[in-house]
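In what follows, a single structure is set out as structure tokens and then discussed.
The values are calculated or read from the model by the stated rules, or taken from the named source; none is laboratory data. The model shown is predicted, which means the values in this text are computed figures rather than measured ones. Every residue, glycine among them, receives a Cβ derived from its backbone with ideal geometry; neighbour counts consider all protein chains shown. Accessible surface is based on the protein model in full, side chains and every heavy atom, while ligands, DNA and RNA are left aside. Shrake-Rupley method; radii C 1.70, N 1.55, O 1.52, S 1.80 Å.
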Amino acid sequence: YLAILLGAFATATAPAATVLILREYGVQGEFSATLLMVLALDEALALVIFSFVEPISLITVDPARTLNAINGFLIPATKIISAAGLGLLIGYFSQRYISFDHSKKQKVFLILLTVVGGAALSIALHLSPLIYNLFVGFAFCNFAKRHIGIADLIDTLTMPLYAMFFILAGTKIQITNIFTSSFMLIALIYTGARLIGKIGGASIGARLANAPQSVQKYIGLGLMPQIGVALDLAYVVQRDFAHITNTEVDVAVIIFNIILFTSLFTEISGSAATEYALFRSGEIKEPEEEEPKYSNPLT
């Protein structure tokens, strides 16, 4: 059960670092457009995979439950579709109302109500608040008939939320567990296997899709960062495994520490790898060295 959970976590990619690099350089090309699309689809796919894998892991570890087609496939699929439908419905009406309101205060209030209130409703209905919010964003982006002007407002709101989120995540780190040989072995194998899967799998997919050579060679380098959705999913595991008492280890603690430990490596190296991929794809031009200007000392 721990192995299949880590496999589901490995599929998640954090788009924030990559998007910030693309914004910083202002690149617009086939490689960067493909990378952004892959990042968006990767988030959705990771949530769907986790929604199927986590119930199976719970059934595997709980002797009182047996795995069958209903609880292993039908119920998770119904919850995914329901969460997506709820997000599309609330997102559609929310963006419609925001588009006719020009007050920044009202827009901020409606955004918070849509995100927090809708997430609370999802939890009350035993649906995924992550999938709900993913499809709220999809509705805002694709259903709006006019520019609703909320990008700057969302950027302002997310900074304190990110800070609080990572403060809470930091409280889950247990130093005594990190520096054990067994933990380091699991973390290193997990990190290496994830990088091989991301870089190799993305390259194979690009070749099968007959993508341009730059995409085939370098698309995987933009998929290395992980922290973000993976931590959200770790909180879900902590909640759902809280009542399981017959496990040999604390699943949530193991996963939290692995995700946070590996993220220190992937966030730093991932940003550098993304810049390298943009340079090699030709969408960022290396600055040309100017010829030194010599002045005539006699004039």
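Here is a yes/no grid of residues against (1) hydroxyl-bearing (Ser, Thr, Tyr); (2) more than 15 Å from the chain's Cα centre (by Cα); (3) at pLDDT 80 or above; (4) surrounded by fewer than 16 Cβ atoms within 10 Å (Cβ to Cβ):
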| position | (1), (2), (3), (4) |
| --- | --- |
| LEU231 | no, no, yes, no |
| VAL237 | no, yes, yes, no |
| GLU248 | no, yes, no, yes |
| LEU264 | no, yes, no, yes |
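Inspection of segment 63-83 identifies at least one residue that is under 25 Å from GLY7 (Cβ atoms), touching a residue at least 60 places away in the same chain (Cβ under 8 Å) and not β-branched (Val, Ile, Thr).
Taking the listed residues LYS198, LYS285, LYS293, the one that is modelled with pLDDT of 80 or more and either open to solvent by less than 50 Å² (accessible area, probe 1.4 Å) or in a loop (DSSP other than H, G, I, E, B) (or both) is LYS198, with no other qualifying. Among the listed residues LEU74, LEU47, which satisfies the condition of being more than 18 Å from LEU233 (Cα to Cα) and at pLDDT 90 or above? Just a single option satisfies the conditions, and that option is LEU74.
Whether any residue in segment 167-178 is among the hydroxyl-bearing types (Ser, Thr, Tyr), open to solvent by 50 Å² or more (accessible area, probe 1.4 Å), within 28 Å of GLN226 (Cα to Cα) and part of a helix (DSSP H, G or I) is what I want to check.
Within segment 167-178, one or more residues are among the hydroxyl-bearing types (Ser, Thr, Tyr), open to solvent by 50 Å² or more (accessible area, probe 1.4 Å), within 28 Å of GLN226 (Cα to Cα) and part of a helix (DSSP H, G or I).
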